[in-house]
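Data first, discussion second: the structure below is written as structure tokens.
The values are calculated or read from the model by the stated rules, or taken from the named source; none is laboratory data. What you are looking at is a predicted structure, and each value in this text was computed from that prediction instead of being measured. Methodologically, a virtual Cβ is constructed for each residue, glycine included, from the backbone with ideal geometry; neighbour enumeration extends over all protein chains shown. SASA here: full protein model, heavy atoms, side chains in, ligands and nucleic acids out. Shrake-Rupley method; radii C 1.70, N 1.55, O 1.52, S 1.80 Å.
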Amino acid sequence: MYRNKFHIQAKKGLVNDPNGLIFWNNEYHVFFQLNPKSCEHTFKHWAHIKSKDLVNWEELPIALAPTDWFDKDGCYSGSAIEKDGKLYLIYTGNVKNNGIRESYQCLAVSEDGVNFEKLGPVIHDKNIPKGYTRHFRDPKVFRKDGKFYLVLGAQRENLTGTILLYSSEDLFNWTFEKELIKNDFGYMCECPDYYSVDNQGVLAFSPQGLEAQGILYNNRYQSGYILRDKEEIEKNTFIEFDRGFEFYAPQSFEGKDNERIMFGWVGMPEELEHPSVEEGWIHCLTLPRVITVKDNKLFQNPHKNLMGLRKDEKILSDLKVQGSLNLKDFEISGKTFELIISLKDVKSDFALKVRSGEKNNTLLKYDYENKIFLFDRENSGRGYKGTRKCKLEKLEKIHIFSDSSCLEIYLNGGEEVFTGNIYPEENDDNIILDGLNIDISNLEFYNI
Ligand code: FRU
């Protein structure tokens with residue numbers, strides 16, 4: 001009953017990071033970390049799916065399995081790039097002998113985009129530069145001015161996290177260039193990504209070991225970005241991508257029409273107590289999000305092709321909320337749906353309850369006085385509980401994708417996003433609005 005309808009997930013086992021995202025030969029390829037055997041973080045493979053539209057996905061055979069000496073304890077995260085018409089994957093081969101870690105950055109190639117041939121390590125464990133530990137992984141490759149580069153997550157010998165830059169002419173021979181950030185970001189930076197969007201450099205990564213600061217950095221590990229190309233970066237310029245509970249290790253790529261598209265992992269390392277485990281699976285990926293930058297601010301919006309999921313449109317305009325209003329009065333309710341609420345001049349608190357039933361509800365609330373948006377899953381049903389908040393100067397639009405056990409909430413045209421899992425009862429389907437003098441100019445609802 002918790003299996004999602006329109007988020008990428010596996011039939012069985014554990015899903016984590018999106019890997020190898022690429023638009024190649026007119027198709028979107030998505031790979032992701034998968035343990036096909038159990039809901040634990042072991043035995044990592046690269047699962048593979050492709051799509052023409054980012055909505056309908058075709059399952060392909062497993063692309064990489066941990067079967068060689070250089071990746072025997074996991075084909076860990078990495079990325080994809082096209083060269084001479086072929087599709088190359090570069091990933092971390094994780095090896096553990098007697099508990100001692102080795103990390104190999106490995107290549108694999110495919111001519112048909114289905115079958116991959118492993119070519120072995122191109123950055124060998126014994127060539128890890130001096131000053132860094134074996135926590136050395138997650139290559140994200142890109143092309144710039146006719147040359148290949150990759151960013152890599154690393155840990156310094158003093159146990160602080162950083163990101164390294166390598167360069168190569170041919171994808172096979174790599175030269176260590178420099179550290180991309182000089183500061184300490186916790187004890188490890190996983191899954192770095194570097195790209196330029198709207199003429200702005202974006203350095204994304206998932207640091208481990210940041211201390212919580214008020215409403216910031218409340219999850220076990222963080223995932224965010226810096227909008228700068230400088231090497232010395234102030235820590236407070238690191239901004240979390242997502243303000244919710246489960247979001248980690250995102251990766252981006254260039255889609256059709258130069259769009260910058262990102263998928264994240266709806267999960268958190270070491271948090272395995274999700275009720276979906278009873279159904280033999282755990283975690284999914286986020287929806288594809290388009291990244292844009294305007295006035296030094298990064299926005300994330302659900303990809304427009306997701307409109308292809310819409311069924312049974314219901315539109316209400318000029319709705320005044322005075323007290324509590326169950327949208328069932330307008331024949332609107334549901335478990336898997338898209339809901340867009342556009343508000344006019346909000347001057348008081350506004351609450352929205354989704355997946356609401358006799359016992360459960362998930363509360364989304366704007367605190368006008370304090371300019372705080374809240375995602376509260378204390379009463380959502382089973383699973384992890386808690387609240388997450390973010391600062392929001394004004395509330396103009398709430399755009400929700402509700403899947404069977406996963407919520408994505410986009411605010412004000414992608415200014416802030418909250419993602420999280422909830423596990424209510426099957427028939428908890430009420431959507432309730434609550435406020436005084438709240439003017440909704442438009443409300444759109446679609447079944448999915
Ligand atoms: C992030 C991560 C990566 C690693 C992969 C292993 O979630 O820990 O650093 O490559 O997962 O599955």
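Averaged per residue, what accessible area in Å² does the chain show with a 1.4 Å probe, protein chains only? Can you show the working numbers first?
Working: 18160 Å² over 448 residues.
On a per-residue basis, the chain sits at 41 Å².
Taking H placed 1.01 Å from N in the peptide plane, check which residues at least 5 places from residue 83 or on another chain put their amide H under 5 Å from its amide H.
HN-HN under 5 Å from residue 83: 88.
What spacing in nm lies between the two simple spin-label points modelled at residue 86 and residue 270, each 7 Å away from Cα in the Cβ direction?
4.0
Using θ = phi - 60° and the Karplus curve 6.51 cos²θ - 1.76 cosθ + 1.60, what whole-Hz ³J(HN,Hα) does each residue of the stretch 85-100 get, with Gly and Pro shown as x?
Karplus values, whole Hz, x for Gly and Pro: x, 9, 9, 9, 10, 10, 9, 9, x, 9, 10, 10, 10, 6, x, 9.
List the relative contact order of the stretch 13-305 as a percent without decimals, with contacts defined as Cα pairs under 8 Å and 6+ residues apart.
Details: 772 pairs, mean separation 39.1, N = 293.
Over the stretch 13-305, the number comes to 13 percent.
How big is the Rg/Rh ratio for the chain, C-alpha atoms only, Rh by Kirkwood, two decimals? Numbers along the way, then the final one.
Values: Rg = 21.8 Å, Rh = 22.5 Å.
Using Cα coordinates only, the ratio equals 0.97.
Any idea what diffusion coefficient the stretch 121-263 gets from Stokes-Einstein, in µm²/s, Kirkwood Rh on alpha carbon pairs, 4 °C, 1.567 mPa s?
82
Between residue 109 and residue 442, what is the label-point separation in nm under the 7 Å Cα-to-beta-carbon projection?
Here the answer is 5.0 nm between the modelled labels.
Below 8 Å between Cα atoms, with a sequence gap of 6+, how large is the relative contact order for the stretch 310-447 in percent? Could you put the intermediate results ahead of the total?
Working: 367 pairs, mean separation 59.4, N = 138.
So the answer I get is 43 percent.
Quick check: Cα centre of the stretch 295-344 to Cα centre of the stretch 388-448, how many Å?
For the stretch 295-344 versus the stretch 388-448, the Cα centre distance is 8 Å.
Which three numbers, in whole Å and largest first, are the semi-axes of the equivalent ellipsoid of the stretch 337-423 derived from its Cα gyration tensor as √(5λ)? Kindly include the intermediate steps, with their values, before the conclusion.
Working: eigenvalues 89, 37, 27 Å².
Rounded to whole Å, the semi-axes are 21, 14, 12.
If the elastic network links every pair of Cα atoms under 10 Å, which of 163, 341, 282 fluctuates the most in the Gaussian network model of the chain?
The residue that fluctuates most here is 341.
I want to verify a result. In a Gaussian network model of the chain, Cα cutoff 10 Å, which of these has the top mean-square fluctuation: 129, 192, 61?
129
The stretch 375-448: which GluC sites (Glu not before Pro) are DSSP loop and have at most 13 other beta-carbon atoms within 10 angstrom?
Values: sites: 378, 393, 396, 408, 415, 416, 425, 426, 444; in loops: 378, 393, 396, 415, 425, 426.
The qualifying sites are 378, 393, 426.
Under 5 Å between amide hydrogens, which residues at least 5 positions from residue 247 or on another chain qualify, with H placed 1.01 Å from N in the peptide plane?
Residues meeting the amide H criterion: 267.
Which whole-Hz ³J(HN,Hα) couplings does the stretch 66-72 yield from phi under the Karplus relation 6.51 cos²θ - 1.76 cosθ + 1.60, θ = phi - 60°, glycine and proline marked x?
x, 10, 10, 4, 8, 9, 5
So which residue, out of 264, 224, 357, gets the largest mean-square fluctuation from a GNM of the chain using Cα contacts under 10 Å as springs?
The residue with the greatest mean-square fluctuation here is 357.
Between residue 394 and residue 53, what's the calculated FRET efficiency when r is the beta-carbon distance and R0 is 41 Å? Round to 0.05.
Working: r = 34 Å, r/R0 = 0.83.
Efficiency at R0 = 41 Å is approximately 0.75.
Projecting each Cα onto the charge dipole of the stretch 53-111 (Lys/Arg +1, Asp/Glu -1 at the beta carbon, about the Cα centre), which of 54, 81, 65 comes out farthest on the positive side?
65
How high is the relative contact order of the stretch 115-214? Use alpha-carbon pairs under 8 Å, at least six apart in sequence, and give a whole percent.
Over the stretch 115-214, the number comes to 21 percent.
Mind checking Rg over Rh on the stretch 301-445, alpha carbons, Kirkwood formula for Rh? Let's see the in-between values first.
Working: Rg = 14.1 Å, Rh = 15.2 Å.
Ratio of gyration radius to Kirkwood radius: 0.92.
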